[in-house]
């Protein structure tokens with residue numbers, strides 16, 4: 001009797017694993033693929049597409065509560081040659097990436113041709129963002145924290161923790177992916193700058 | 001009878017100290033069957049609360065103002081004796097993420113990463129003693145273990161829209177474990193050493209966007225857990241065990257196409273206090289624990305600081 005009880009529990013557990021195995025694309029991790037499927041990602045946020053009007057007009061707030069848009073940044077007579085948008089939720093991974101950005105990328109590519117933004121998509125107001133930026137050490141740094149006030153950038157650029165976007169002076173998306181070790185991002189930035 | 005449940009209690013105390021994370025958690029712990037146990041069924045409910053994090057250089061940083069970040073896990077598990085000295089176990093957690101920021105609310109749920117493992121017992125009888133009379137009374141119980149973490153959770157490499165849906169890390173990991181325990185009633189000590197190696201995998205998608213494929217391997221993982229327990233025998237012959245544990249966990253840097261990723265790697269040091277009750281037959285164990293990451297500069301790196309409250313119940317079937 002007890003042995004069959006054991007078998008019953010074991011079978012239940014196996015069944016549970018198999019049922020869960022069918023959930024939410026989980027098999028992508030159980031059997032990961034290295035196939036190049038970039039052609040299947042066709043959103044307007046993908047590299048090669050220009051920023052759409054809603055994205056350019058998205059309302060951003062800086063650490064003093066001043067409003068700005070990407071149009072304000074790009075629509076001037078001499079815009080920066082590239083803008084970098086790093087999505088942060090002020091987490092350990094985010095800080096590791098932004099530290100790398102600050103300590104490695106900015107010294108290499110400078111601030112004369114590039115503007116670097118930390119896009120906060122979790123804070124409810126600019127004061128909270130300012131506090132978070134200060135706690136993380138970025139108040140007054142070369143990385144400009146901006147609040148994605150209504151979540152437009154997060155939504156339209158397919159933002160996520162650690163995603164980084166490079167946009168050129170013409171407003172064309174040149175890179176949009178997870179930061180990872182920064183190498184692919186840096187290669188894209190260097191290409192935009194003609195280096 | 002009293003001694004055979006003790007290894008199990010100490011194992012739980014040590015294992016409970018390692019919880020999950022917002023960057024991909026929900027990993028199941030390990031289960032250890034008492035020496036004369038035939039099977040064990042376990043259910044643990046854990047609530048983990050996030051309180052800031054350590055930066056890469058070890059500086060403690062608070063979470064954003066107005067945030068309230070929680071992860072809840074329900075982890076059913078089973079262990080079964082495979083042979084006189086061999087036992088195996090499986091744990092499959094289910095994870096709920098409840099994240100409140102001042103400007104965003106994000107809830108998600110899904111299976112966590114599962115754990116499968118085996119233990120080899122280097123001894124035929126439990127080594128607990130009431131008094132040390134000879135040198136051999138000091139002989140400890142030594143377990144050699146192997147475990148496999150299976151990426152059954154939802155990772156950044158699955159079909160997910162953003163990071164809030166994540167319940168797992170997306171990697172297989174092999175762990176080798178050395179567990180040494182000794183009880184001289186009413187005291188008990190245990191030390192557990194673990195070395196884990198993540199298996200390299202291809203990545204072609206992150207947060208739902210297909211990317212140029214590359215190969216990724218998370219860093220090797222090492223952990224040391226040391227615990228000290230005190231056992232009370234109650235008038236009704238039930239047993240109450242209070243255990244304190246210290247856990248030091250490190251994970252090396254990940255490799256992207258073979259090159260080290262300088263933004264990765266982690267360290268976490270924390271403590272766990274647990275209390276377990278077992279009635280006279282020792283066939284049930286009720287337990288509660290509090291795992292606390294040591295906040296403040298220098299106690300960790302690149303990882304959240306959390307408090308985890310766990311309540312669990314186990315039922316043991318004896319031989």
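Brief remarks follow.
- Contour excess over end-to-end distance, with Cα ends at residue B:290 and residue B:148 and 0.36 nm allotted per residue: 48.6 nm
- Among B:57, B:63, B:307, B:179, the ranking by other beta carbons within 10 Å of each residue's beta carbon, starting with the fewest, stands as B:57, B:307, B:63, B:179.
- Segment residue B:68-residue B:43, length gained on full extension (0.36 nm per residue, minus Cα span): 6.4 nm
- Cα long-axis angle, helix A:126-135 against chain A (0 to 90 degrees, to the nearest 10): 80
- In terms of other Cβ atoms within 10 Å, B:182, B:35 run from fewest to most in the order B:182, B:35.
- Scaled against 2.2 N^0.38 Å for its residue count N, the alpha carbon radius of gyration of the stretch A:106-195 is 1.11.
- Helix axis angle, A:183-192 relative to chain A longest principal axis, alpha carbon, degrees: 30
- The simple spin-label model puts a point 7 Å past each Cα toward its Cβ; for residue B:159 and residue B:237 those points are separated by 5.8 nm.
- Percent RCO, i.e. relative contact order, over the stretch A:53-192, from Cα pairs under 8 Å lying at least 6 residues apart: 31
- Using the Cβ-Cβ distance between residue A:52 and residue B:226 with R0 set to 51 Å, the FRET efficiency works out to roughly 0.35.
- Label-point gap, in nm, between residue B:138 and residue B:118 - each point 7 angstrom along Cα→Cβ: 3.3
- Full extension of the chain segment joining residue A:103 with residue A:59 gains 13.0 nm, where the gain is 0.36 nm per residue of separation less the Cα-Cα distance.
- Two-site label geometry, residue B:82 and residue A:38: point separation in nm, points 7 Å out along Cα→Cβ: 4.4
- Mean Cβ count within 10 Å, highest first, over the residues of peptides A:112-118, B:154-160: B:154-160, A:112-118
- Between the alpha-carbon centres of the stretch A:138-184 and the stretch B:81-141 there is a gap of 41 Å.
- Among A:71, A:148, A:29, the residue with the largest mean-square fluctuation in a Gaussian network model of chain A, with springs joining Cα atoms closer than 10 Å, is A:29.
- Computed from Cα positions, the angle between helix B:6-15 and the longest principal axis of chain B comes to roughly 20 degrees.
- Note: relative contact order over chain B, using C-alpha pairs below 8 Å and six or more positions apart, is 20 percent.
- Taking the centroid of alpha carbons for each part, the stretch B:211-225 and the stretch B:51-71 are 23 Å apart.
- Comparing B:153, B:252, B:300 in a Gaussian network model of chain B (Cα springs below 10 Å), the most mobile by mean-square fluctuation is B:252.
- Packing, as the average of other Cβ atoms within 10 Å across residues, places the peptides B:183-192, B:85-94, B:129-138, A:60-69 in the order B:85-94, B:183-192, A:60-69, B:129-138, highest first.
- Residue B:57-residue B:174 FRET efficiency (beta carbon distance; Förster radius 25 Å; 0.05 resolution): 0.25
- If you run the Gaussian network model on chain A, springs between alpha carbon atoms under 10 Å, then out of A:31, A:147, A:70 the most flexible one is A:31.
- Fraction of the pair-distance distribution of the stretch B:133-194 above 14 Å, Cα-Cα pairs, percent: 68
- Calculated SAXS-style log₁₀ I(q)/I(0) at q = 0.08, 0.09 Å⁻¹ - the protein assembly as shown, Debye, Cα scatterers: -0.54, -0.66
- Normalising by residue count, the stretch B:2-318 has a Cα convex hull of 131 Å³ per residue.
Computed from the coordinates by the stated procedures, all read-outs in this text should not be read as laboratory data. Note that the structure is predicted; figures quoted are calculated from it, not measured. Every residue, glycine among them, receives a Cβ derived from its backbone with ideal geometry; neighbour counts consider all protein chains shown.
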